[in-house]
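See below for the structure under consideration.
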Amino acid sequence: MGRGLFYAISIHLLYISSLVVLFLWFVTLVNHIPRCSIHYFYIPSLNKSLNSPHNTTLNFMLRLKNINAAKGIYYDDLHLSFSTIFNNSSSSSLLVANYTVPRFYQGHEKKAKKWGQILPLNNHTVFRAIFRVDLKTQVKYKFMFWKTRRYKFEASVNLEVNEEGATKVKNKEDGIKMKKSDSSPPKLTSFHLFFSIIFVFMNLLVFLDDFSFP
């Protein structure tokens, strides 16, 4: 009787531990990439009401949102490039300015607003056009005491400047969303899901088997 009880308790603990390990595996496997958006973009020299053609500074605000419920994100330096594009084609563009946001850490479900002001390269003359903003960096994800490897992360967006020298942001909360590239971290696949179901099923069989002890 004592031996059977010991085996039953051991198997119960093994089953519970397996579920905990499976849960942690799920959490660490699925990484949600940051959501990037532009919430402010303004060039005074393009504001017709100001009549200030020499103030060619580019002013912007970039927001990064970490939608992971239990993971923080380590960002390497964020490299931003601003270009003017013609005929709505990124293949026909002219680099205007570069800007770097220093590396930082972002907690889970947190938002980070990064304001910036920069002058055009080589005193480049800024004229009204569609601007393209490209973002390049690398990110690592943190869950409790674990950190993932670095993942390449890129995003871009086209911004149209109006007669006030600004880009109209229709949705103040979401801003103008930047489109992310395909170089994102791997997500949960059908293979991972199948493996997990088999893993749980096998543990369930072991759990039920403890009732066979005398």
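The values are calculated or read from the model by the stated rules, or taken from the named source; none is laboratory data. Since we're looking at a predicted model, the values are computed, not measured. Please note: Cβ atoms are built from the backbone with ideal geometry, for glycine as well, and neighbour counts cover all protein chains shown.
A few points about this structure:
- Test: residue in the range 186-198 that is at pLDDT 70 or above, surrounded by 11 or more Cβ atoms within 10 Å (Cβ to Cβ), at negative phi and small (Gly, Ala, Ser): no
- Subset of the range 130-182 (residues that are in a strand (DSSP E or B), within 18 Å of Ile118 (Cα to Cα) and touching a Leu at 6+ places or on another chain (Cβ under 6 Å)): Phe131, Leu135, Gly165
Here's the yes/no breakdown for (1) modelled with pLDDT under 85; (2) more than 19 Å from Thr100 (Cβ to Cβ):
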residue	(1), (2)
Leu135	no, no
Tyr141	no, yes
Phe145	yes, yes
Lys152	no, no
Ser156	no, no
Glu164	no, yes
Val169	no, yes
Lys179	no, yes
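- Neighbours by Cβ (under 9 Å, 6+ apart or cross-chain): first from the range 62-81, closer than 18 Å to Ile38 by Cβ; second acidic (Asp, Glu) and in a strand (DSSP E or B): His79/Asp134; Leu80/Asp134; Ser81/Asp134
- Residue satisfying all of: in the range 108-126; over 24 Å from Leu64 (Cβ atoms) and surrounded by fewer than 14 Cβ atoms within 10 Å (Cβ to Cβ); modelled with the highest pLDDT among these: Leu121
- Qualifying residue in the range 28-37 (condition: more than 16 Å from the chain's Cα centre (by Cα), surrounded by 15 or more Cβ atoms within 10 Å (Cβ to Cβ) and modelled with pLDDT of 85 or more): no
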